[in-house]
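Everything below concerns the one structure shown next.
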Amino acid sequence: LVKVYYAERVGTGERVAIKVVVGTEEAKKELSILETISHPNVVSYFGTWEKDSQLWIALEYMDGGAVSDLMEKLGRGLSLQEIRCVT
């Protein structure tokens, strides 16, 4: 189960996304990748903390919603042309 919340960084007011994950082992694999990547087409990773058996991950906020929500609405995956527009 994953939920994503909008937040603002204290002091700067910068918008961030907080991804809350139950079942932390799979998320820790994702984090090991995010911690090493710095690319303009990949969201920036700011930090992580654990609380009540949940992993809270602070990420760069991206306008437009989740790509998975778009795919669900369309009822299909994205074409290469659509992927280029998203990234």
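State all residues of region 56-71 that are outside any loop (DSSP other than H, G, I, E, B) and either at pLDDT 90 or above or in contact with a His (Cβ under 8 Å, 6 or more places away or on another chain) (or both); if no residue qualifies, say none. Break it down stepwise before answering.
We begin by selecting, within region 56-71, every residue outside any loop (DSSP other than H, G, I, E, B); these are 56-60, 67-71.
Passing the criteria: TRP56, ILE57, ALA58, LEU59, GLU60.
Of the residues making up region 1-51, those that are part of a loop (DSSP other than H, G, I, E, B) and modelled with pLDDT under 85 are LEU1, GLY23, PRO40, ASN41, VAL42.
Scanning region 42-60 for any residue that is closer than 17 Å to VAL20 by Cβ, among the hydrophobic types (A, V, I, L, M, F, W, C) and touching a residue at least 40 places away in the same chain (Cβ under 8 Å) turns up at least one such residue. Of all residues in region 65-87, those satisfying the criterion of being farther than 20 Å from VAL43 by Cβ and either open to solvent by 90 Å² or more (accessible area, probe 1.4 Å) or touching a residue at least 40 places away in the same chain (Cβ under 8 Å) (or both) are LYS73, ARG76, LEU80, GLN81.
Cβ-Cβ distances below 7 Å connect the following pairs, each with a first residue in region 1-29 that is touching a residue at least 40 places away in the same chain (Cβ under 8 Å) and closer than 11 Å to ILE57 by Cβ, a second residue that is assigned to a strand (DSSP E or B) and of a type in the set (Lys, Arg), and a separation of six or more residues or different chains: VAL4/LYS19.
The values are calculated or read from the model by the stated rules, or taken from the named source; none is laboratory data. The shown structure was predicted, so the numbers you read here are calculated from the model rather than taken from an experiment. All Cβ positions, even for glycine, are placed from backbone atoms using ideal geometry, and neighbour counts span all protein chains on display. Ligands, DNA and RNA are stripped out before the accessible areas are found, and what is left, the full protein with its side chains, is counted by its heavy atoms. Shrake-Rupley method; radii C 1.70, N 1.55, O 1.52, S 1.80 Å.
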